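Here's the structure, in structure tokens; my notes come after.
The values are calculated or read from the model by the stated rules, or taken from the named source; none is laboratory data. This structure is a prediction, so every number in the text was calculated from the model and none was measured. FYI the Cβ positions are ideal-geometry reconstructions off the backbone, even for glycines, and counts take in every protein chain you see. For the accessible areas, the whole protein counts, side chains as well, though only heavy atoms, and no ligand, DNA or RNA atoms are used. Shrake-Rupley method; radii C 1.70, N 1.55, O 1.52, S 1.80 Å.
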Amino acid sequence: MDLFLQFLGNTGFGLVDWRNLVMIVVGSFFVYLAIAKKYEPLLLLPIGFGIILGNIPFFKGFGIGIYEANSVLHYLYFGVTSGLYPSIVFLGLGAMTDFSFLLANPKLMLLGAAAQMGIFCTYLGALALGFTPQEASSIGIIGGADGPTSIFLTAKLAPHLIGPVAIAAYSYMALIPIIQPPIMRLLVTKREMRIRMPEMRQVSRRELVIFPVVGLILCTFMAPASIPLLGPFFFGNIMKESGVVDRLANTARNAIIDTATIYLGLTVGASTQGDVFLNPKSVGIFLLGAVAFSIATASGLLVAKFMNLFLKQKINPLLGAAGVSAVPGSAREVHMMGQHADPTNFLLMHAMACNSSGVIGSAVCAGILWSFLMG
Amino acid sequence: MYGFEAISHHNGWVAAATGACIVFAGLSTLAFLISQLHKLVNLFDRPPKVTVTVAPPEPPAAAQPEDPLDLERTVERYLPLIEELDAEFVLADLYALAQKYHLPHIHLSIRTLVEAGRLEPLGDGVFRFTA
């Protein structure tokens, strides 16, 4: 009987903590959202399952958990803590991104810059709430709405916050259809929503090939700390646009990014062990993440309206909301909102231009914050 | 430490303002560069401007209409053909040869030669050229 009780005490049933149970419920909810509601399933399914996996109670000291040295999960988690997975994801992202819309209408890049204001506002907010500058930067970067960038910066500045920051970043990316529309309706009038964008010019292949080189040189000269993200990003893009290494570009945008996404999602999810994750800081991070995301959206919209004061050919202010780098969720939301106001208005391609600019913008922001606070 | 005091203590205002300015300046510069990119590309694509004066082509001289009744001209045209044939030949052979060389108005030309006595009939459809 004693042996049986001892065995029971060593099983998950005996070791379970209420915090593990809470997180298992959260993980199951993510899995539900991914499968039943199809909210960003590529992200939420691995993360949700990872949360469940990471919260299975186990006997500590046997190299099982993600925070225990020599455990398999710990080795896989190295890709997160070292910033390896985000770099690989950026490689694939570059091989997927079509910059022709941005090259056809470069002024939309300013909206990508405007939407990064959420990062710096939240940085100030987090400092005011008592977070250290490193933690505040990691929280602020959630406003960039770029999961890999958030994870990368947090891994460099505040590794103990990777779990909450990553979960907050990906959650808000999945919740774009809920967060952004009310802000758009609040700040953009119906008349402005109906503004049509001009026909885009044809962009030559030569421009598309030159852009990654120019973009890489300019952005990394300005913020060298963004090299681990923007280097692979622009390399992936030149592989795609050059047309001479189609095989490599295909691998980057399919097998490589998929593999990195699987392990990134699973290990980030598994890093949310109840005893580590459930604390007042995580709640604060979630709240500030929502603030960051909302400010980013609002600043994009407001700058678009401000630009219209000076432009002869007005731009649709809704595009400002796509300045966050949540590709392609925010672009889709902008397009749908535009269509809601005028079913014959097609904003998707223009919104994708802002989105791709947002990816560059948030990576540059990460580089800037890292260089401010490194060492 | 909380609130504005914490922000000031960590130099937050300056960091946030500087960061925002750098991002804006950087992306604005990139936007400007890519807005000029197509002009640069066009510059390389444009062929070199070399002015070459080309004399306008002279209008072709009006072709003289062929006159099958002009005996001298017809003899001049048909003599090389006749020399290709035997001394005595049938008109069908001359006709075939004239067709081969795409001579105009073959029937009329041969009739002119016959009527002028330059093709002398020898009987049985056989002819001989007389100078």
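Values computed for the structure shown
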quantity: Checklist (1) more than 14 Å from every other protein chain (Cβ to nearest Cβ); (2) open to solvent by less than 10 Å² (accessible area, probe 1.4 Å); (3) β-branched (Val, Ile, Thr) applied to A:THR81, failing item; calculated: (2)
quantity: Filtered residues of segment A:115-129 (kept if within 8 Å of another protein chain (Cβ to nearest Cβ) and under 19 Å from the mean Cα position of the chain (by Cα)); calculated: A:GLN116, A:MET117, A:ILE119, A:PHE120, A:CYS121, A:TYR123
quantity: In segment B:112-129, the residues that are closer than 19 Å to B:PRO68 by Cβ and without any contact (Cβ under 8 Å) to a residue 24 or more places away in the chain; calculated: B:VAL114, B:GLU115, B:GLY117
quantity: Residue in segment A:244-263 that is in a loop (DSSP other than H, G, I, E, B) and surrounded by fewer than 23 Cβ atoms within 10 Å (Cβ to Cβ) present; calculated: yes
quantity: Given (1) in a helix (DSSP H, G or I); (2) surrounded by fewer than 24 Cβ atoms within 10 Å (Cβ to Cβ), number of the condition A:GLY130 does not satisfy; calculated: (1)
quantity: Exclusive hit being within 14 Å of chain B (Cβ to nearest Cβ), outside any loop (DSSP other than H, G, I, E, B) and buried (at least 21 other Cβ atoms within 10 Å of the Cβ), set A:ALA292, A:ALA331; calculated: A:ALA292
quantity: Residue within segment A:356-364 that is farther than 30 Å from A:ARG201 by Cα, within 14 Å of chain B (Cβ to nearest Cβ) and either open to solvent by less than 10 Å² (accessible area, probe 1.4 Å) or not in a loop (DSSP other than H, G, I, E, B) (or both) present; calculated: no
quantity: Odd one out for A:LYS314, checked against (1) under 25 Å from A:PHE152 (Cβ atoms); (2) open to solvent by 20 Å² or more (accessible area, probe 1.4 Å); calculated: (1)
quantity: Top-ranked residue of segment B:97-111 - restricted to ones that are out of contact with any Pro (no Cβ under 6 Å at 6 or more places or on another chain) and surrounded by 14 or more Cβ atoms within 10 Å (Cβ to Cβ), ranked as farthest from B:VAL75 (Cα to Cα); calculated: B:LEU97
quantity: Unique residue being among the charged types (D, E, K, R) and modelled with pLDDT of 90 or more when the list is A:LYS37, A:LYS60, A:LYS107; calculated: A:LYS107
quantity: Yes/no for A:LEU102 being within 11 Å of chain B (Cβ to nearest Cβ), open to solvent by less than 10 Å² (accessible area, probe 1.4 Å), touching a helix residue (DSSP H, G or I) at 6+ places or on another chain (Cβ under 6 Å) and outside any loop (DSSP other than H, G, I, E, B); calculated: yes
quantity: Some residue of segment A:275-289 being surrounded by fewer than 18 Cβ atoms within 10 Å (Cβ to Cβ), among the acidic types (Asp, Glu), assigned to a helix (DSSP H, G or I) and within 18 Å of the chain's Cα centre (by Cα); calculated: no
quantity: Any chance A:ILE52 is within 19 Å of A:ALA166 (Cβ to Cβ), more than 14 Å from chain B (Cβ to nearest Cβ) and among the hydrophobic types (A, V, I, L, M, F, W, C); calculated: yes
quantity: All positions within segment A:181-217 that are β-branched (Val, Ile, Thr), within 14 Å of chain B (Cβ to nearest Cβ) and open to solvent by 60 Å² or more (accessible area, probe 1.4 Å); calculated: A:VAL213, A:ILE217
quantity: Residues of segment A:27-67 that turn out to be of a type in the set (A, V, I, L, M) and open to solvent by 50 Å² or more (accessible area, probe 1.4 Å), as a count; calculated: 7
quantity: In segment A:334-346, the residues that are out of contact with any Leu (no Cβ under 6 Å at 6 or more places or on another chain) and part of a helix (DSSP H, G or I); calculated: A:MET336, A:GLN339, A:HIS340, A:ALA341
quantity: Filtered residues of segment B:4-39 (kept if modelled with pLDDT under 90 and facing another protein chain (nearest Cβ under 8 Å)); calculated: B:LEU37, B:HIS38
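Table: residues versus (1) more than 30 Å from A:MET349 (Cβ to Cβ); (2) touching a residue at least 60 places away in the same chain (Cβ under 8 Å); (3) within 14 Å of chain B (Cβ to nearest Cβ).
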site	(1), (2), (3)
A:PHE62	yes, no, no
A:ILE88	no, yes, no
A:LEU110	no, yes, yes
A:GLY144	no, yes, yes
